[in-house]
Amino acid sequence: MEIKPAAAAATALLLSACSNTANEPPELVLSHQQLHDPLLTIRGANRVCQSQSEQCQQWTVLMLDCEQGTADSCQEAEELRKQASGVASDSEPQAYAF
């Protein structure tokens, strides 16, 4: 039985693709809303940003990691909040308006 070069190359590519996915788990991508909802439950509506801005999305990821204790991102989240809102204290009314 003769294997044609094109068929052999396609088989090698298919095997290579299959072996890579077997070793690496698929990347789970959650929407901003899916990340925002648990943070809203943890912190309350007056202590989370409510927009769809890039800064709010970044802050949501950082603060959720902080609140869940899965990353040391609390300070980074607070710095981002200060920069985005322009408000130094997180207890001010406009502290999460970004």
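The values are calculated or read from the model by the stated rules, or taken from the named source; none is laboratory data. Computed from a prediction, not measured in an experiment: that's the story for all the values here. Note that each Cβ is placed from the backbone with ideal geometry, even for glycine, and that neighbours are counted across all protein chains shown.
Screening LEU28 on (1) touching a helix residue (DSSP H, G or I) at 6+ places or on another chain (Cβ under 9 Å); (2) modelled with pLDDT of 65 or more shows it passes everything except condition (1). Are any residues in segment 26-70 under 18 Å from PRO93 (Cβ atoms) and among the charged types (D, E, K, R), and if so, which ones? Passing the criteria: ARG43, ARG47. When PRO93 is tested against (1) at pLDDT below 95; (2) surrounded by 11 or more Cβ atoms within 10 Å (Cβ to Cβ); (3) not in a helix (DSSP H, G or I), exactly one condition is not met: (2).
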